[in-house]
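Let me begin by presenting the structure, written as structure tokens, before commenting on it.
The values are calculated or read from the model by the stated rules, or taken from the named source; none is laboratory data. All values reported here derive from a predicted model rather than from experimental measurement. Heads up, the Cβs are rebuilt from the backbone with ideal geometry, glycines too, and the neighbour counts pull from every protein chain shown. When the accessible area is computed, the model is the full protein with side chains, heavy atoms only, and any ligands, DNA or RNA have been set aside. Shrake-Rupley method; radii C 1.70, N 1.55, O 1.52, S 1.80 Å.
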Amino acid sequence: MSKTLVFLEHHEDAIQKSSLGVLTRAAQLGGDVAGILIGSGVSELGASAGEYGAATVWIANDERLAPPLPQPRVDVLAQVVRDEGYDTVLFAQSVLTADVAAALAVRLEAGLNWDLTDLTAEGIGTRPALADSVYVDVGWSTAVRLAIFRSGTFDATPVGGSAELKEVTVDLEDFSTLAEMVEQAHAVQQGPSIEDADVIVAGGRGLGEPEKFVLAEELAQALGGAVAATRAVVDAGWYPYSAQVGQTGKSVAPKLYVALGISGAIQHKVGMQGSTVIVAINKDPNAPIFEFSDLGVVGDLHAIVPRLTELVRARRG
Amino acid sequence: MKIAVCVKAVPDAAGGRRIDPATMRLERSGELTISEFDTYAVEEGLRLKEAAGDGEIIVVSMGPERALDALRKALAMGADRAVLVTDEALAGSDLLGTSKALAGALEREGAEVVLFGQQSADGGGACLWSAVAEHLRLPVISQVSELELVGSVVTGKRQTEFGYDTIRAPLPAVIAVSDAINTPRYPSLKGIMGAKKKPQVSLGAGDVGGAAGTGTTVEGLSAPPPRGDARKIDDDGRAAEQIVDYLVEKRLI
Ligand SMILES: Cc1cc2nc3c(=O)[nH]c(=O)nc-3n(C[C@H](O)[C@H](O)[C@H](O)COP(=O)(O)OP(=O)(O)OC[C@H]3O[C@@H](n4cnc5c(N)ncnc54)[C@H](O)[C@@H]3O)c2cc1C
Ligand SMILES: Nc1ncnc2c1ncn2[C@@H]1O[C@H](COP(=O)(O)O)[C@@H](O)[C@H]1O
């Protein structure tokens, strides 16, 4: 019988939904399923994981584990996996878990598959590759198997049940605590939320310069929608973080999503693939965004968008 | 200051990237180019060197022999020399094999700063740096969009699912930078001309501590579910009209 450990990422007072989704899936697959919470003052949180199918929740509480940094978490996981004989460790994709899982793979000499959208009881994972143009069935050849699931893959469904909480104490490696958190700035909402909009016009680096966001704003206004952005332009300071769509931004599912000058990286796609209709304008015919657009337009957005806005305005009066 | 930059040579997007059904590996026989995301790491290395007033930038890569041509772009941008780990025994390496080979090459160099890009353009896990840092037993900061180096302490700001983290680490350290950190320079004509003459060394698996096995397997390939009636048009001057017609047809306006 397989023994599965699910890494439960938490932020402030809640376990991340995506982690609970992975836990839900692990419980469906069967075997001995446990969760692990690593942080400081996280004991209280552990109980809720029982409702999603964890029979056991390991708790590592330590001041040094308070900031969400990867390396000390590798020390904790490696110890629990070795001591308790887990053969499978599952993660929900995040900035933190990618770093944790990759280092753990080296520490345990365990194979790591990432970006999975499913896992079967037989131990075969589904990995969409090359801008999701091909689905690869992946497996493991090591005793311990590690997997990271794409964000938003599984719904978190409570099944009832309660977990036994078990505390672990850990020794941290010297190098694991060299990186220190100086500051964590939490996101603040600026302007109206894009999550409820029926129409979204999103701008990427293809707009060319921050001032050109006005093209996205005018088109959004004409369509009666909101404006969104990619990480590339948010981190470059062109647009506020609260308007970012994708893995580390918002997930949206409007009726219409218009992408202007956006390449269509997976981390962007996971935040907008639920849109009913996707229209993309991009000058590069090979841009990955065309793999998942309903209407793909190969062309210069600077030539197309002003005219498009004018036509939409005229139509809607 | 010695700065190593890990860059990957990937199949050119324009040539189309595909998985060879026979080997179930990425087809690498066509033209290889430097992964676009890694040019940001090269640029950041150049800026650190320029700010320090001196230093050496070593481009480190693992891949087929032909990858050297792709590494030349980094040399043309201003990197000082290139080290390519290339060996039949390493073909088909996954995270375990690649991280071990790169760590082995990096150990020979002993750089104070080891830079990575944010992800491989041909479908990596955006995590290799962490595996390499584990081998080297060094601190790691990933997805850095603002980097500051003062004395022998680096500070990086990065975006997460919850906002922005600022993380500090002493050198030597492994830093992965995002594509928002800078605007990579274009190689100058002089840079391009000079690149060929810069030192380019190939190492075999034996030079980097031997090949690690792989921990993952590929069991099969399949086509993704069909996407309905997707359309793609080239703008011939009438794209705006065509988009409006489409939106009307879909009853979106
Ligand atoms: C852990 C992690 C998390 C991430 N989270 C997110 C996230 O939440 N959201 C997100 O968006 N990204 C995220 N990313 C980044 C993502 O991988 C991409 O780097 C980013 O989405 C690229 O943004 P972009 O499309 O604006 O820029 P680019 O990739 O530079 O694309 C610009 C596009 O514009 C096109 N273009 C240029 N000029 C024109 C023109 N005149 N007309 C038409 N088209 C033009 C180009 O052909 C190109 O395709 C994340 C990455 C990682 C590793
Ligand atoms: N074969 C390789 N050789 C050198 N560096 C690599 C290689 N593959 C990936 N990298 C580096 O690791 C980063 C992350 O890659 P990945 O984890 O594969 O998405 C890239 O941006 C590169 O800096």
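Pairs over the 31 Å Cα-Cα cut-off, from the set A:K250/B:K250; A:K17/B:K250; A:K212/B:K250: A:K17/B:K250.
Buried area at the B:A interface is about 6900 square angstrom, summed over both chains, from accessible surfaces computed with a 1.4 angstrom probe. With a cut-off of 18 Å on the backbone N, the residues of the stretch B:24-63 near the modelled label site 7 Å out from B:R185 along Cα-Cβ are B:38-59.
Result for chain A in a Gaussian network model with C-alpha springs under 10 Å: among A:V134, A:V199, A:V252, the largest mean-square fluctuation is at A:V134.
Heavy atoms of the protein chains alone define the surface here; on that basis the protein assembly as shown has 40 Å² accessible area per residue at 1.4 Å probe size.
Which log10 I(q)/I(0) values, to two decimals, does chain A give at q = 0.09, 0.11 Å⁻¹ under the Debye formula with one point per Cα? The Debye formula, applied to the Cα set alone, gives -0.53, -0.75.
Let me test this: with uniform point scatterers at the alpha carbons of chain B, what is the Debye-based log₁₀ I(q)/I(0) at q = 0.09, 0.12 1/Å? So the normalised log intensities work out to -0.46, -0.76. Relative to the longest principal axis of the Cα atoms of chain A, the long axis of helix A:301-316 lies at roughly 70 degrees.
Spin-label model, B:E148 to B:D20: label points 7 Å out along the Cα-to-beta-carbon direction sit 4.9 nm apart. Looking at this model, which pairs from B:K8/B:K157; A:K255/B:K232; B:K2/B:K198; B:K8/B:K100; A:K269/B:K232; B:K73/B:K190 are more than 22 angstrom apart at the alpha-carbon? In this structure, B:K8/B:K157 exceed 22 Å between Cα atoms. Between the stretch B:123-169 and the stretch B:202-232, the alpha-carbon centres lie 25 Å apart. Please state the shape class of the stretch A:211-267: rounded when a/c is under 1.5, otherwise prolate if a/b exceeds b/c and oblate if not, all from the C-alpha gyration tensor. Since a/c reaches 1.5 but b/c is at least a/b, the shape of the stretch A:211-267 is classed as oblate. Helical runs assigned H by DSSP (4 residues or longer) give chain B a calculated mean residue ellipticity at 222 nm of -8500 deg cm²/dmol, each run adding -39500 (n - 2.57) before division by the residue total. Counted over chain B, the DSSP beta bridges are approximately 45% antiparallel.
Within chain B, helices built from complete DSSP H runs that reach 20 Å or longer along their own axis (Cα positions) and carry a mean Kyte-Doolittle hydropathy of 0.0 or higher are B:95-109.
Relative to the longest principal axis of the Cα atoms of chain A, the long axis of helix A:17-29 makes an angle of roughly 60 degrees. Can you classify the stretch A:236-291 as rounded, prolate or oblate using the Cα gyration tensor, where a ≥ b ≥ c are the square roots of its eigenvalues, rounded means a/c under 1.5, and otherwise it's prolate if a/b beats b/c and oblate if not? Verdict is oblate for the stretch A:236-291.
Build a GNM of chain A with springs between Cα atoms under 10 Å apart, and of A:L116, A:L207, A:L23 the one that fluctuates most is A:L207. Using just its DSSP H runs of length 4 or more, each adding -39500 (n - 2.57), chain A gives a mean residue ellipticity at 222 nm of -8000 deg cm²/dmol after division by all residues. Remark: mean inter-chain Cβ contacts per residue of B:164-171 equal 6, using a 10 Å Cβ-Cβ cutoff to other protein chain atoms. GNM remark for chain A: springs join alpha carbons under 10 Å apart, and the peak mean-square fluctuation among A:I304, A:I59, A:I15 falls on A:I304. Around B:L46, under 15 Å between beta carbons, what's the net of Lys plus Arg minus Asp minus Glu among the other residues? Net local charge, B:L46 excluded: +1. Remark: the stretch B:15-146 is approximated by an ellipsoid whose semi-axes, taken from the C-alpha gyration tensor as √(5λ), come to 25, 17, 14 Å, largest first.
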